[in-house]
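> Pasting a structure below so you can have a look.
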Amino acid sequence: MTLSRMNLTDPNDFQIFILAQAAQERAVKNRRRRLSKKHQNTGASVTKSARSATQAAGDAFETLACQYLEAKGLVVLARQLFCPRGELDLVARHHNTLVFVEVRARNRRSHGGAAASINAAKQIKLIRAAKWHLSELSGRFFAGTTPACRIDVITFDQGRLQWLQDAIRLEQDK
């Protein structure tokens with residue numbers, strides 16, 4: 001749901017908006033802190049321009065994915081959540097389900113396409129990152145109860161979007 005479609009007089013919409021905005025601000029602050037530590041020895045200044053061309057392209061695909069999910073009725077709660085276990089590109093809510101979304105893009109299919117780039121190691125990282133953030137997200141968006149969860153993948157192969165729902169299973173042993 002975009003800001004223009006939110007009813008900010010509705011307490012639920014307003015609370016979701018405020019919490020999502022706070023999560024995004026914390027994610028940006030944490031990213032800048034990490035980049036600052038990384039560039040401490042070089043003396044380079046850390047600004048928004050510290051993003052590489054590849055990261056900027058990834059941000060653009062994530063924005064397209066957000067717009068697509070919102071058009072399908074999901075509420076995007078956060079973007080680019082980092083933790084020691086990895087990164088979650090998008091976190092959304094679909095009714096009473098918490099949806100973690102990995103966004104992948106490939107211009108050429110010579111290496112198997114975007115979906116094929118999510119190997120077993122990446123799947124484990126996604127599951128661990130989802131578990132890392134689950135309690136915090138449950139507390140903020142689901143009144144402390146653990147919601148049903150799934151990991152979706154949105155791929156962009158040669159510009160064509162494909163949404164793979166429940167693409168990665170949240171198994172207990174991973």
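The values are calculated or read from the model by the stated rules, or taken from the named source; none is laboratory data. This is a predicted model, so every value here is computed, not measured. Please note: Cβ atoms are built from the backbone with ideal geometry, for glycine as well, and neighbour counts cover all protein chains shown.
> Which of the following residues is farther than 22 Å from LYS125 by Cβ and at pLDDT 95 or above: LEU90, LEU74?
After ruling out the rest, the residue left standing is LEU74.
> Quick check: is even one residue across the range 127-141 closer than 18 Å to ALA167 by Cβ, crowded, with 17+ Cβ neighbours inside 10 Å, modelled with pLDDT under 90 and not β-branched (Val, Ile, Thr)?
No, every residue in the range 127-141 fails to be closer than 18 Å to ALA167 by Cβ, crowded, with 17+ Cβ neighbours inside 10 Å, modelled with pLDDT under 90 and not β-branched (Val, Ile, Thr).
> Those residues that are surrounded by 14 or more Cβ atoms within 10 Å (Cβ to Cβ) and either modelled with pLDDT under 90 or touching an Asp or Glu at 6+ places or on another chain (Cβ under 7 Å) (or both), I need them from the range 152-164; list them, please.
ASP152, VAL153, ASP157, TRP163, LEU164
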